[in-house]
Amino acid sequence: MEYPSTILENAVNEFAKLPGVGKKTALRLVLYLLRQKPEVPVGIGSALIDLQNINYCKVCHNISDTDVCALCADPRRDASTVCVVENIRELMAVENTMQYRGVYHVLGGIISPMEGVGPADLQIESLVERVSKGDVKEIILALSTTMEGDTTNFYIFRKLAGIDVKITVLARGVAIGDELEYADEVTLGRSIINRTLFNEAFKI
């Protein structure tokens, strides 16, 4: 595709790096921004540059503006119950159910050999260290009900073997193969409330 401007071409190429955005969609977005008042693209650019200042909670690895996120710092949350999620999208999905008052641990992904993601690439060791301190009474494994999610669940279960902590999983109201972030809030909320022991759910 020939572009009438190098600046336009560079902008399109940068937008096209986003997941699910091809060159045609990128061009449409850039042309839209060109039609807006100058403060619109400037505001978007400023917000993107500010992403460099994002912090990750040193306790749960949630995205945060401070060293400890608002959820971990909230004294009203039950710090003895930790819900393990894949990423921030799943954390937000669980929060939106308004059925959970514990805290979280964000893994940063799930084990996926096909994509080159192994246990060392995730925040699993920090979870083990967190549980080893003895303050955590229950771990809720709230990962997607996919093969990769179940593999990660089992790996964590084995890593926590020998530690006195209750390990549960979401009730299978979330359909097998579903990504957690796409589950409706009612179904996800019921799955949290009706969670079951990991070893009973997987017959271990």
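For the chain, return all DSSP H helices satisfying: extent of Cα atoms along own axis at least 15 Å; mean Kyte-Doolittle hydropathy at least 1.0. Don't skip to the end; give the middle numbers.
Details: long enough: 23-34 (16 Å, 0.89); 39-50 (16 Å, 1.07); 147-159 (18 Å, -0.77).
Passing helices, by number: 39-50.
Among Arg101, Arg89, Arg76, determine the one that fluctuates most according to a GNM of the chain built with springs between C-alpha atoms less than 10 Å apart.
Arg76
Sort 64-74, 4-14 by the packing proxy (mean of other Cβ within 10 Å over each peptide's residues), most packed first. Numbers along the way, then the final one.
On the way: 64-74: 14.8, 4-14: 13.0.
My ranking of the peptides, most packed first, is 64-74, 4-14.
Under 5 Å between amide H atoms, partner at least 5 residues away or on a different chain: which partners does Val59 have, H built in plane at 1.01 Å?
Residues meeting the criterion, in which the H sits 1.01 Å from N, are Cys69.
Considering only Cα-Cα distances, which of the following residue pairs are longer than 20 Å: Lys137/Lys159; Lys133/Lys166; Lys17/Lys37?
Details: Lys137/Lys159 16 Å; Lys133/Lys166 14 Å; Lys17/Lys37 24 Å.
Distance filter (> 20 Å) returns Lys17/Lys37.
Can you tell me which of Met98, Met114, Met147 moves the most in a GNM of the chain? Springs connect C-alpha atoms under 10 Å apart.
Of the options given, Met114 has the highest mean-square fluctuation.
Find how much the distance from Asn10 to Ala70 grows on full extension, using 0.36 nm per residue of separation minus their present alpha carbon separation; answer in nm with one decimal.
Values: separation 60, 0.36 × 60 = 21.60 nm, distance 3.79 nm.
Stretched fully, the Asn10-Ala70 segment lengthens by 17.8 nm.
Could you work out [θ]222 nm for the chain from helices alone, using -39500 (n - 2.57) per DSSP H run of at least four and dividing by all its residues? Round to the nearest 500 deg cm²/dmol. Write out the running numbers ahead of the final one.
Values: 9 runs with 83 residues, N = 204.
About -11500 deg cm²/dmol.
Quick query: amide H of His105 versus all other amide H atoms, modeled in the peptide plane; which residues come in under 5 Å with a sequence gap of 5 or more or a different chain?
Residues meeting the amide H criterion: Cys83, Val84, Val85.
So for Lys137, Lys17, fewest C-beta neighbours within 10 Å to most, what's the order? Could the numbers behind the result be given before it?
On the way: Lys137 15, Lys17 8.
Fewest to most other Cβ atoms nearby, the residues stand as Lys17, Lys137.
Can you sort Asp121, Asp50, Asp78 so the residue with the fewest Cβ neighbours within 10 Å comes first?
Details: Asp121 15, Asp50 9, Asp78 12.
The fewest-first ordering by Cβ neighbours comes to Asp50, Asp78, Asp121.
Relative to 2.2 N^0.38 Å, what does the C-alpha radius of gyration of the chain come to as a ratio? Two decimals please. Display every interim value, and only then the final one.
Numbers: Rg = 20.5 Å, N = 204, 2.2 N^0.38 = 16.6 Å.
Expressed relative to 2.2 N^0.38 Å, the Cα Rg reads 1.24.
I'd like the distance separating the alpha-carbon centroids of the range 85-140 and the range 1-77, in whole Å.
Spelled out, the Cα-based centre of one part sits 25 Å from the other.
Could you give the length gained by full extension between Leu29 and Thr146, i.e. 0.36 nm per residue of separation minus their alpha carbon distance, to one decimal place? Intermediate results must be reported in sequence, preceding the final value.
Working: separation 117, 0.36 × 117 = 42.12 nm, distance 3.37 nm.
This chain segment gains 38.7 nm when fully extended.
Compute the length gained on full extension between Lys137 and Asn53: take 0.36 nm times their separation in residues and subtract their Cα-Cα distance, giving the result in nm to one decimal. Walk me through the numbers before you get to the answer.
Numbers: separation 84, 0.36 × 84 = 30.24 nm, distance 3.36 nm.
This chain segment gains 26.9 nm when fully extended.
Read the figures in this text as sums done on the coordinates, not as results from a lab. Owing to the predicted nature of the structure, the values given are computational and were not obtained by experimental measurement. Here Cβ is always computed from backbone atoms with ideal geometry, including for glycine, and neighbour counts include all displayed protein chains.
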